[in-house]
Each structure stands twice: as C-alpha cells, then as structure tokens.
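Here's the structure, in structure tokens; my notes come after.
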Amino acid sequence: MKAIRLLLFGFLLFLGGATLLAQCQRSDWRSERARVVPAAPERVHAWLDDLAHWPALLAGENAQPMTLKLGARSKGAGAELAIDGPQGATTVALLTSDAQTGLEYRVTLPGGSNAITGRMTWTAEGEGARVTLTESGAVGWGPIERFLRGVIEEGHAEELARRLERLERALAGGPGAAQPR
C-alpha cells in the first residue's frame, strides 16, 4: 500500500513539475516562408488586396466546404471576409494594404479568443516577385500546447508554404486559378 502511495505521489509531483515547466515556456509562435511567383509586384498586390481571391489561398486541396461572406468592402484596408466552416466562424480582416510595403491582416479564429496576425511583402525578383508570408500568434496557457509550440510553429510554416504554392498557381493562371479583376 505504501508503494502505491509513493508511486502516486511521484506521479503527481512529476505532473505538477511538468505543468510548471510548461508555464515557463514561450506561448508565442512565428512562422515565415517565401517564394518567387510569376507576376510583377503590382499584380501580386492587386490579387492579394482583394479578399475575394483569398479562399483560393486558404482552402487546401482536400478542404471541407465553407460558407464565405465578404464584408461591405472586399478590397484594401478595412476589407473583411467571414468564413463559416466545420471548425466554426473565422474572420479575415485586412489591416493595411500598400502596393510598395505589402499588407497586414488579422485572422480571428472560432471563439474569438485566438487570433493570427499576418504580413505579406513582395519585392521584384527576375521576371516575378518574391512574396514573403509571415504569421504569428500564441498557443495559449495549456501545458501541452506550450510544450508543442515548436511543432505547431513548424506545421504552420508548412501551411504557409502550401499557401504560397497556391498563390503561384493562381498568378500563373493554372487550372482553376482566379485572375485579378
């Protein structure tokens, strides 16, 4: 009986220590990827500045059905896109948009407590433009999420790379690609 109590006490001590250690870990994450796309910087801006094009970036190849609703504006700073999907309601809002410096946006996730802040910049490179996509956020207070922050960060970076591939296809005019208006 004493051995069981010692084992239980040891397990609780380990669990408490792991939780305390997790709270000392950073909660913020940041991911970045870049890719050269076959379009001039002006065309990249015109395409990204219109949230009507963003579902092509956000929806993966095996994406589940989503209901999309554009706000009163679909272009420029202040534009909003509401997405209602299987995981709940998500909102994308353009905060700033400038042809030379890029654009900043905020994605509010279901429940409203978590948000992702993003930035896209582009510079001329060869016949196209180098687009850099950076997103950051926080994993919250949970000890498991804190321990897995690095894995979450890397997984998100891979998703950013896929979005840039979809942007490249759209700007190249590939199958099913949306063209700027």
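Does Ala59 satisfy the criteria of being in contact (Cβ under 8 Å) with a residue 40 or more places away in the chain and of a type in the set (Gly, Ala, Ser)?
Numbers: in contact (Cβ under 8 Å) with a residue 40 or more places away in the chain: no; of a type in the set (Gly, Ala, Ser): yes.
No; evaluated as a whole, the condition is false for this residue.
Just to verify a result, which residue in the stretch 86-102, among those that are touching a residue at least 24 places away in the same chain (Cβ under 8 Å) and within 14 Å of the chain's Cα centre (by Cα), is surrounded by the most Cβ atoms within 10 Å (Cβ to Cβ)?
Leu94
Is it the case that some residue within the stretch 41-64 is assigned to a strand (DSSP E or B), loosely packed, with under 15 Cβ neighbours inside 10 Å, out of contact with any Leu (no Cβ under 7 Å at 6 or more places or on another chain) and not basic (Lys, Arg)? Walk me through it before giving the result.
Taking the stretch 41-64 as the starting set, the residues that turn out to be assigned to a strand (DSSP E or B) are 50.
In the following step, the residues that additionally are loosely packed, with under 15 Cβ neighbours inside 10 Å were identified as none.
Checked against the condition, which is being assigned to a strand (DSSP E or B), loosely packed, with under 15 Cβ neighbours inside 10 Å, out of contact with any Leu (no Cβ under 7 Å at 6 or more places or on another chain) and not basic (Lys, Arg), the stretch 41-64 yields no hits at all.
Would you mention how many residues in the stretch 151-165 are in contact with a strand residue (DSSP E or B) (Cβ under 8 Å, 6 or more places away or on another chain), under 11 Å from Ser31 (Cα atoms) and not acidic (Asp, Glu)?
The number of residues fulfilling the criteria is 5.
Among the residues of the stretch 140-158, write down those that are within 16 Å of Arg35 (Cα to Cα) and free of Cβ contacts under 8 Å to residues at least 60 places away in the same chain.
Glu158 - this is the single residue of the stretch 140-158 that is within 16 Å of Arg35 (Cα to Cα) and free of Cβ contacts under 8 Å to residues at least 60 places away in the same chain.
Bear in mind that the values in this text are calculations on the coordinates, not laboratory data. Only a predicted model underlies this, so the values are computations on that prediction, with no experimental measurement involved. Neighbour counts are summed over all protein chains in view; Cβ atoms, including those assigned to glycine, are modelled from backbone coordinates with ideal geometry.
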